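Q: Before I ask anything, here is the structure I am working with.
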Amino acid sequence: MSNLYDLSTALAVLNETIMENDGILSEEFEQTLEALLPAITDKAGNISRWCRNLEGNIDSIDAEITRLRKRKDVNDHLKERLKAYLKDCMEKAGMTKIDTGIMVLSVQKNPPSVEITNEETVNNQYKVVKTQVVIDKKMLLEDLKAGIRVTGAELRQGTHLRLR
C-alpha cells in the first residue's frame, strides 16, 4: 500500500475486524497496526507539508494579483485622463475629427441620460418600490439549535481539517 487512501482504508477494515472480534487484538492485528500507523502518519505529514507550501504559493499569487490590479488601475486612470485631455484640446480648437493616418479620433455626442438633482422632488409616478426578501440565518440557526423545527431548513454541522 503506497497511498494514504489505501492505508486509511486498510486501517478502517482492521478496526472493523477488531470490533467484530470483541476488541481483542491478536498478534497479527498488532503487527498490522504497527505497520499502518507510522505509514499513515508519514503520508499525512507529507501531505500537510505540501499544503503549507501551497499556502505560501497562494500568498505570493495573491500579492502578485494585488500588484497587477494596482498597475491595471493606474493604466485605466491614465487612459481616461489622456482621453479627457485629448477631447478637451480638440473641443478648445473647434475640432470634431482628427485622422492620424493610424487612427481616426472624433468627438461625438453621448445618448441622452437622466441626472437626478433632487430625488425627493421627483414625482411619485417615476418612483418604483423594490422589496427584497432575505432569510435571517442567525435567527434561524438559534431556533434550530433550540430544537424548533423549521420547514425548509435543517441544522448541519460539517468538519474541516486544521493545519497547525
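Q: So what are the chain's ellipsoid semi-axes, whole angstrom, largest first, if each one is the square root of 5 times an eigenvalue of the alpha-carbon gyration tensor?
A: Whole-Å semi-axes of the equivalent ellipsoid: 66, 33, 12.
Q: Exposed loop GluC sites (Glu not before Pro) only (DSSP loop, at most 13 other Cβ atoms within 10 Å): please give the longest stretch of the chain free of them, not including the sites.
A: The longest uninterrupted stretch comes out as 1-114.
Q: In addition: Would you mind counting up the charge near residue 41? Only other residues with Cβ under 13 Å from its Cβ, with Lys and Arg at +1 and Asp and Glu at -1.
A: Value of the local net charge: 0.
Q: At a 1.4 Å probe, what is the % contribution of carbon and sulfur to the accessible area of the range 41-164?
A: About 54 percent, which is the carbon plus sulfur part of the accessible surface.
Q: Something else now. With each run of n ≥ 4 DSSP H residues scored as -39500 (n - 2.57), what mean residue ellipticity at 222 nm is computed for the chain after dividing by its residue count and rounding to the nearest 500 deg cm²/dmol?
A: One gets -20500 deg cm²/dmol as the mean residue ellipticity at 222 nm.
Q: Let me ask something else. Kindly give the semi-axes, whole Å and largest first, of the ellipsoid equivalent to the range 17-78, taking each as the square root of 5 times a Cα gyration tensor eigenvalue.
A: So the equivalent ellipsoid measures 54, 11, 4 Å along its semi-axes.
Q: Also, I was wondering about something else. With r defined as the distance between the Cβ atoms of residue 109 and residue 77 and R0 fixed at 30 Å, what FRET efficiency is calculated, to the nearest 0.05?
A: Rounded to the nearest 0.05, the efficiency is 0.75.
Q: I've got another one for you. When ligands, DNA and RNA are left out and all protein chains stay put, how many square angstrom of accessible area per residue does the range 1-116 have with a 1.4 Å probe?
A: 86
The values are calculated or read from the model by the stated rules, or taken from the named source; none is laboratory data. These numbers were taken from a predicted model, which means no experiment stands behind them. FYI the Cβ positions are ideal-geometry reconstructions off the backbone, even for glycines, and counts take in every protein chain you see. The protein model used for the area step is the full one, side chains on, heavy atoms only, and it has no ligands, DNA or RNA in it. Shrake-Rupley method; radii C 1.70, N 1.55, O 1.52, S 1.80 Å.
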